[in-house]
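The values are calculated or read from the model by the stated rules, or taken from the named source; none is laboratory data. For clarity, every value in this text was computed on a predicted model and none was experimentally measured. All Cβ positions, glycine included, derive from the backbone under ideal geometry; neighbour counts span all protein chains shown. Accessible surface is based on the protein model in full, side chains and every heavy atom, while ligands, DNA and RNA are left aside. Shrake-Rupley method; radii C 1.70, N 1.55, O 1.52, S 1.80 Å.
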Amino acid sequence: MRLSTRIGLAVGCTVPLLVLASGWLLMNLVARDLHRAEDQHLRQRATAIAPDARLLLRASENGRPKAADTRERRLFSAALDVGVRVDGPVADFSGGPQPGPSVTLPARTTGPVTVRDGARSWRALARPIRGATVTGTLWVFSPDTADRAQIPLVRNRVNLTALLAAPLSGLLAWGLAAGVSAPLRRLTRRTAGLDPRTCGARPDERRTGVTEVDELAATLRTVLARYDEQAARTAEALDTARSFSSAAAHELRTPLMSMGTNLDILTDHPGLPAPDRTEVLADLRSEHARMQGLLAMLRELGRGDLVEAEAFRRVDLADVADAAVAEARRRAPDAEITLDAAPGLTVHGWEPGLRLLLDNLLGNALAHGRDAQGRARLRVGVRTTADQVLITVDDQGPGVPPDARRGIFERFQRGPDSAGSGLGLTLVAQQAALHRGSVGVTDGPDGVGARFEVRLPSGGGGLPDRRDWLIGTAGANRSQSFPKDTP
């Protein structure tokens, strides 16, 4: 059922009920006003004829019939349009319009009352008559014209109004509702053919002037925008999953082939000399460790590509750096690592990602930043500069040639003697871009070794529009657009 029809039926049923309720109240008010006017008239008549009624009772008790007749005529002449009844100890007198003698009158009244005589009703007022020698009761009667004429007339008019109001109010409400709901019907027609799975069209932002319809259109646009966002995220997640499997297969092929060759050697040559057998087993362990590290790095890249903004919060970067340095000292007890971090320095970020960034910077420095004697002396700094937080890791190694400084952040870029996965510094670049920051490498502060610098905004920011570090190097560089500083 259409909304306009529902409104029309609702109004068509409600208005007659309101008319009847108002009519009932109106009838009570009219009846009260009419009774008040009739009662005032009875009081005036009772006050005017009370002296004649008292004289009539006195004449009848004194046995003077002629005087009583005279007083009775004067009494009825003064009563005019009301009925009069005088009840005395010796005789009763009555005249004018009043209930029949069989109608029982109330014993006591404090004001006008209604007395019924069959189908007719009367308003009656009693006044006691007291004198030096006489007592009695004066009754004054008037036809109850309110119950007989005015009230039925008002009732009939109310009923007629209710009967007419039902269809007229229903039609009027239907017409008004149809006009008001026209913008809603237009919105329905504009959105009826929208299929978010196959069509990119969305409702425009034209305002109709009807607040509810405009709010509904805005809500619909918001829902469709969220659908588009979730569809895009789903597509990115599928791309990431496909790329993960492709990258894993590509990078694992070489170590798996090497492991297969070594296993064949062990199988085909059961009498292999002990030194050769030890060398083959060492190769197997090395390739196994390489595959484990590669899978761990690929997993971390996937986590960075799929992390949501809800995971970001205020992070104490000094505490994260302290934990990362402690772990690096545990892994490399021979290394000399110092930390210079201002306490209480916080950024808006993803704590696991920031820890991963520091762990990989320290791991890279421990692997490639040793001096000629093989000693690792690292200095880690965390401080603020203007509206940024600067993270530095200095080593005493051979440094990074200027022409190789951009390439070391790409996926699977390994040095000729590196046993790593080639993803450590890629994870650093990913996390820097994820936090709207930058990463770069320069010469060490004394011209010796290398300094890796990560700059993060202290106030934080939203996530990048695209995160495809696991999909491919070229795509990642274009979509992330992270600055890799070079001297």
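Report, by residue number, each residue of the stretch 1-60 that is closer than 30 Å to Leu153 by Cα and among the basic types (Lys, Arg).
Arg32, Arg36, Arg43, Arg45, listed by residue number.
Quick check on this structure: which one of Ala318, Ala324, Ala309 is at pLDDT 70 or above and surrounded by fewer than 12 Cβ atoms within 10 Å (Cβ to Cβ)?
Ala309
Evaluate the following for Ile151: is it within 20 Å of Leu34 (Cα to Cα) and either touching a residue at least 40 places away in the same chain (Cβ under 8 Å) or open to solvent by less than 40 Å² (accessible area, probe 1.4 Å) (or both)?
The answer is yes for Ile151.
Of all the strands (runs of 3 or more DSSP E) wholly in the stretch 16-119, which have at least 1 residues that are more than 21 Å from Thr135 (Cβ to Cβ)?
83-87, 113-117
Select from the stretch 37-93 the residues that are basic (Lys, Arg), touching a helix residue (DSSP H, G or I) at 6+ places or on another chain (Cβ under 6 Å) and open to solvent by 70 Å² or more (accessible area, probe 1.4 Å) and list them in ascending order.
Hit for the stretch 37-93 is Arg74, nothing else.
Count, please, the residues in the stretch 132-148 that happen to be farther than 23 Å from Leu57 by Cβ, at pLDDT 75 or above and not acidic (Asp, Glu).
The number of residues fulfilling the criteria is 1.
State all residues of the stretch 390-430 that are at pLDDT below 90, aliphatic (A, V, I, L, M) and not in a loop (DSSP other than H, G, I, E, B); if no residue qualifies, say none.
Those that are at pLDDT below 90, aliphatic (A, V, I, L, M) and not in a loop (DSSP other than H, G, I, E, B): Ala404, Ile408, Leu425, Leu427, Val428, Ala429.
Go through Ile151, Ile129 for me and flag whichever is touching a helix residue (DSSP H, G or I) at 6+ places or on another chain (Cβ under 9 Å) and either part of a helix (DSSP H, G or I) or modelled with pLDDT of 85 or more (or both).
After applying the criteria, what remains is Ile151.
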